[in-house]
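The values are calculated or read from the model by the stated rules, or taken from the named source; none is laboratory data. Just so you know, these numbers come straight off a predicted model, no measurement behind them. Note that we place each Cβ from the backbone using ideal geometry, even for glycine, and neighbour counts take in every protein chain shown. Quick note on the areas: whole protein, heavy atoms, side chains included, nothing else; ligands and nucleic acids left out. Shrake-Rupley method; radii C 1.70, N 1.55, O 1.52, S 1.80 Å.
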Amino acid sequence: MEEFTFEQAPARVVFGRGTVRTALAGEIARLRAGRIMVVADADHRALAEAAVQPFVDAVVAWFGEIDEHVPAPVAERVVRHARLNRADTVLAIGGGSTIGTAKIVARDLHLPVVAVPTTYSGSEATPLWSVTHGGRKETGVDPAVRPRAVILDPDLTDRLPRELAVTSGLNAVAHVVEAYWSPGANPIGAALADEAMRSIAAGLRSIGPRGLAAAQTPEHAFTDPVTTWAGTAYTAGEQLLYGAHLAGMTFAATSTGLHHTICHVLGGAFHLPSAALHAVVLPHVLALNAPAVPATADRIARALGAPEAVSGLRGLAASVAAPRTLTQIGLPLRSLEEAVDRVTMALPVDNPRPVGKPEVRAVLTAAYGEDAA
Ligand SMILES: NC(=O)c1ccc[n+]([C@@H]2O[C@H](COP(=O)([O-])OP(=O)(O)OC[C@H]3O[C@@H](n4cnc5c(N)ncnc54)[C@H](O)[C@@H]3O)[C@@H](O)[C@H]2O)c1
Ligand SMILES: O=C(O)CCC(=O)CC(=O)O
């Protein structure tokens, strides 16, 4: 076996139903969190207020201005708010945008973050941060922003509306796919990726037309020994949250390629919903790259439980009625040339095959589907 490096910043992860009530206070105490600033959007304020009750006297500030892709003025305000209130720790309760907002405080003021994710973004497992300056999404890596304690409570993610559960699950699939072929790929990351992909795919297949709440009943629970732990069956929501966290871990240990670059550039420039963007773009980047990395494509197919990677991913996305075109998620066809130019300007990227403007155009045109015909 060739030499390889695998690095993860230290973090404690607590997984289980109800752990936002039963375990969060313990993690706060263990970290000696001191003065706490809570970051949560308006939709998660009540949940966050209930969660902090056991340590409410330590909460010195709230920040609720969350905007996807973390606009620079919001990043400045959250840091100022933490500084003014002399916060020692940031507690983020919400999706990738909320955790991403908290991460900027960690980046700039070196405060620890405690994360309670409510989507499958996997951001709670990564040292990646981003800030968008006037339509240009800047991303960076800083081990200090990786949350030091993480509460994975499937009761929270099971509340996701069906559409967001689907696209967020496919966002996690995108982390896994790029982790397999990134230059930093290594055997430990690939083992995490295999388990992440199996788990997410199993969870997605069970969502069905009625969403996660309907997939929690015992008849939906997984008893396949490959995907259960110590004989305990997992529900679809549990499979998804567990898999999404592993996806974040494996993605964290590698680097971003063409797929994530496209999503960052377009997400920031056109303020598109990040998870839906991943869901639409991923099959086309996989179709571009799979012939260049046949062994990796076979491994992706095996993890998906499909005979072939590209059709396997397309089948999975179709089975959950994922959005299929850029038009569907808010990028009109008239923006194609601007989108191609913006992504091309972000090249070069680490990618299994060389990418120039023609490849970018091919991927984005394909992502418009029948709308580009
Ligand atoms: N740093 C990383 O490693 C990383 C990884 C993935 C995504 N991201 C970033 O995170 C952002 C996107 O995050 P996201 O896809 O999680 O979406 P989000 O955090 O923007 O949330 C989308 C919407 O869903 C709502 N929501 C969240 N959880 C919910 C729940 N349980 N029930 C009902 N509604 C809920 C939110 O209030 C919001 O309105 C993007 O900026 C993306 O780049 C970062
Ligand atoms: O927005 C960030 O913090 C970086 C995002 C990232 O690399 C993962 C994603 O877009 O899903």
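Secondary structure note: in the chain, about 30% of the DSSP beta bridges are antiparallel. Between ARG12 and ALA191, the FRET efficiency from the beta-carbon distance, with R0 = 22 Å, is close to 0.55.
Counted over the range 55-128 with a bin width of 10 Å, the fraction of Cα pairs per bin, in whole percents, is 20, 58, 21, 0. Structural descriptor for the chain: relative contact order 16 percent, calculated from alpha carbon pairs under 8 angstrom and at least 6 residues apart.
Can you work out the base-10 log of I(q)/I(0) for the range 162-372 at q = 0.07, 0.10 1/Å, using the Debye formula on its C-alpha atoms alone? For the range 162-372, the Cα-only Debye profile gives -0.20, -0.40. Pairs of Cα atoms nearer than 8 Å and 6+ residues apart set the relative contact order; for the range 247-349 it is 33 percent. Taking the C-alpha atoms only, the angle from helix 72-84 to the longest principal axis of the chain is near 20 degrees. Let me make sure I get this right: for the range 12-157, a, b and c are the square roots of the gyration tensor eigenvalues over alpha carbons, sorted descending. Under 1.5 in a/c it's rounded, otherwise prolate if a/b > b/c, else oblate. Which is it? Judged from the Cα gyration tensor, the range 12-157 comes out prolate (a/c at least 1.5, a/b above b/c). Round to the nearest 0.05 the FRET efficiency obtained for ALA292 and ASP67 when R0 = 45 Å and r is the Cβ-Cβ distance. Result of the calculation: an efficiency of 0.80.
Computed from the Cβ-Cβ distance with R0 of 25 Å, the FRET efficiency linking ARG353 to GLU2 stands at 0.70. Net length available on complete extension from HIS110 to ALA233 is 40.3 nm, with 0.36 nm assigned per residue and the Cα-Cα distance removed. Loop-located GluC sites (Glu not before Pro) across the range 13-109 with a Cβ neighbour count of 12 or fewer within 10 Å are lacking, with loop assigned by DSSP. Under the combined filter of DSSP loop state and at most 16 neighbouring Cβ atoms within 10 Å, the range 227-329 retains none of its trypsin sites (Lys or Arg not before Pro). The local environment of PRO147, defined by Cβ-Cβ distances under 11 Å, has a net charge of +2 under the rule Lys, Arg +1 and Asp, Glu -1. May I ask for the net charge around SER97, where only other residues with Cβ less than 9 Å from the Cβ of SER97 are counted and Lys, Arg are +1 while Asp, Glu are -1? With Lys, Arg at +1 and Asp, Glu at -1, the net is -3. Database remark: amide H of TYR234 closer than 5 angstrom to the amide H of PHE222 (H placed geometrically; neighbours at sequence offset of 5 or more, or on other chains; Pro and chain starts carry no H). Other residues with beta-carbon under 14 Å from the beta-carbon of GLU27 carry, at +1 per Lys or Arg and -1 per Asp or Glu, a net charge of +3. Rounded, prolate or oblate, given the Cα gyration tensor of the range 233-323, with a/c below 1.5 counting as rounded? Here the range 233-323 falls in the rounded category. Over the chain, the hull volume per residue, using the convex hull of the C-alpha atoms, is 135 Å³. For the options ALA23, ALA115, ALA172, a Gaussian network treatment of the chain with springs between C-alpha atoms closer than 10 Å singles out ALA23 as fluctuating the most. Heavy-atom accessible surface of the range 12-157, averaged per residue, reaches 39 Å², computed with a 1.4 Å probe.
Within the listed set LEU286, LEU84, LEU111, the Gaussian network model of the chain (springs between alpha-carbon atoms below 10 Å) gives the highest mean-square fluctuation for LEU84. Of all the options ALA185, ALA92, ALA346, the one that moves most in a Gaussian network model of the chain with Cα springs shorter than 10 angstrom is ALA346.
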